[in-house]
Structure formats: C-alpha cells, structure tokens
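The values are calculated or read from the model by the stated rules, or taken from the named source; none is laboratory data. Bear in mind the structure is a predicted one, so any value in this text is a computation, not a measurement. So basically every Cβ, Gly included, is an ideal-geometry build from the backbone, and we count neighbours across all protein chains shown. The protein model used for the area step is the full one, side chains on, heavy atoms only, and it has no ligands, DNA or RNA in it. Shrake-Rupley method; radii C 1.70, N 1.55, O 1.52, S 1.80 Å.
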Amino acid sequence: MRYLIPTHKKLVYQSTFPMRWGDMDAMGHLNNAMYFRYFETVRIDWLHGIGARPDPKGEGFVIANAVCNFYKQLSFPCNIVAKLYVSDVARTTFETWITLALENEPDVIYAAGGSTTIWIDSIAKKAASLPEWMLKTLTSP
C-alpha cells in the first residue's frame, strides 16, 4: 500500500546529513529500518528547535503511526536532504511528512513517509489539546 503525501502541506524544517557506512544492509543500500531512524531524527530535531521537547512528567508528543514509501535505493556515500512538512492540524494531532533526496539531486525523492503526531498528557496517558503556541507554529504562513 502506498501512502501519498498531500499536496497541501507546510514546509517547516530541512536538514542535510551524510549517510553512514554502518547504515547499509547486506545488499549495499540503506537498511529499511534506517529510513525510520532518519525520519525520527529529523522530526525530533525540528520539535526540539521549536521548543516542543517531550516531558515524561507533563505534556509532549508521541507518534501514533509511521509509514514509508521507498522509491529509489540510497547507497553510501551520499549526503541526504530531508524536508519535513506538516498538514491536517486538528485539536490534538497533526500529520508530519518527510521526504529524502540526495544533496546533488534535491528534486528526486528517494523515499517519503509520514506519521500522525499526537500531543499527550503524559501523567493522564491520553491525548490533550495542542497548546496555542503550537497551533500558531503549525498554522502560521
């Protein structure tokens, strides 16, 4: 099943990083699990950058699902450009979407994925309304 990234989305973060030798699998390309690790790293870097650090004794984010479409193989050595987008902002959730491309081919998407991000009350262990400052971050132009 292929998941499509929506056309209506907001670019909120971009990062470039090198693929590491140890990220490859026996077939000589990026291990499938590493795509999710890259997605997680980019998402956490963005969240930390906007002041949304997880708080086990307060409120913060968790991921409800994660998907990835693999379009082309990434092979060592390369520099990867990751772009993170947000869409579908709701009361307690929003969607994050990440594309991976090569630095020397920024318009060619090698993989794309996403996740549903939920704001939670860690003590109550349930969804909570997104704070006003976060809503502004997600929806402002």
For segment 84-139, what Kirkwood radius comes out of the mean inverse Cα-Cα distance, in Å?
12.9 Å
Determine, at each q value in 0.18, 0.27, 0.29 (inverse angstroms), the log₁₀ of I(q)/I(0) that the Debye formula gives when each Cα of segment 26-94 is one equal point scatterer.
-0.86, -1.47, -1.59
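Rank-order 35-47, 69-81, 110-122, 15-27 by packing density, defined as the average count of other C-beta atoms within 10 Å over each peptide's residues, highest first. All intermediate terms of the calculation are to be shown ahead of the outcome.
Values: 35-47: 18.0, 69-81: 15.1, 110-122: 20.0, 15-27: 12.4.
My ranking of the peptides, most packed first, is 110-122, 35-47, 69-81, 15-27.
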Env charge @ Leu84, Cβ radius under 14 Å, K,R +1 / D,E -1, value +1
Based on the Cα gyration tensor of the chain, what are the three equivalent ellipsoid semi-axes, each the root of five times an eigenvalue, rounded to whole Å and given largest first?
28, 16, 13
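Give the carbon-plus-sulfur fraction of the accessible surface of the chain in %, rounded to a whole number; probe 1.4 Å, heavy atoms of protein chains only.
54 percent
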